[in-house]
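The values are calculated or read from the model by the stated rules, or taken from the named source; none is laboratory data. Owing to the predicted nature of the structure, the values given are computational and were not obtained by experimental measurement. Cβ sites come from the backbone with ideal geometry, for glycine too, and all protein chains shown count toward neighbours. The area values use the complete protein model at the heavy-atom level, side chains included, leaving out ligands, DNA and RNA. Shrake-Rupley method; radii C 1.70, N 1.55, O 1.52, S 1.80 Å.
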Amino acid sequence: MEITELSDRIEKLSARYGEHLGIERDGDWFLLKLQEEVGELTQAYLQVTGRARTKGRTAEEIRDGFQLEFADVFCQLLLLARHFDVDVPREIERKWLSHE
């Protein structure tokens, strides 16, 4: 799947989420929601690396939770980029891949 298609699908889900909860998805919301998800990823990282309580979860459940939180961060980052019209592939090319 290409990143543009992925971004389109994620946007539809996020828009529906915002409508259902009556949330205005403005620039502040996208950035703050990303920060929230990074915090949850940090908590999952601490668990997966053995530096936080397991809360009764198995190693497999902890690893799965980490991967899901990673997906949350990635999707929120795509939503933030989309909101601010960032062409992610182009900017990655300019910032990273131009140095290959």
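Observations on the model:
- Residues being outside any helix (DSSP H, G or I) and open to solvent by less than 60 Å² (accessible area, probe 1.4 Å) - total across the stretch 25-64: 4
- The set of residues from the stretch 72-86 being among the charged types (D, E, K, R) and in contact with a Ser or Thr (Cβ under 9 Å, 6 or more places away or on another chain) comprises just one member, R82.
- Filtered residues of the stretch 50-91 (kept if touching a residue at least 24 places away in the same chain (Cβ under 8 Å) and of a type in the set (D, E)): E69, D72
Yes/no matrix, rows are residues, columns are (1) touching a residue at least 12 places away in the same chain (Cβ under 8 Å); (2) out of contact with any helix residue (DSSP H, G or I) (no Cβ under 6 Å at 6 or more places or on another chain); (3) open to solvent by 90 Å² or more (accessible area, probe 1.4 Å):
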residue: E2; (1), (2), (3): no, yes, yes
residue: S7; (1), (2), (3): yes, no, no
residue: I23; (1), (2), (3): no, yes, no
residue: H99; (1), (2), (3): no, yes, yes
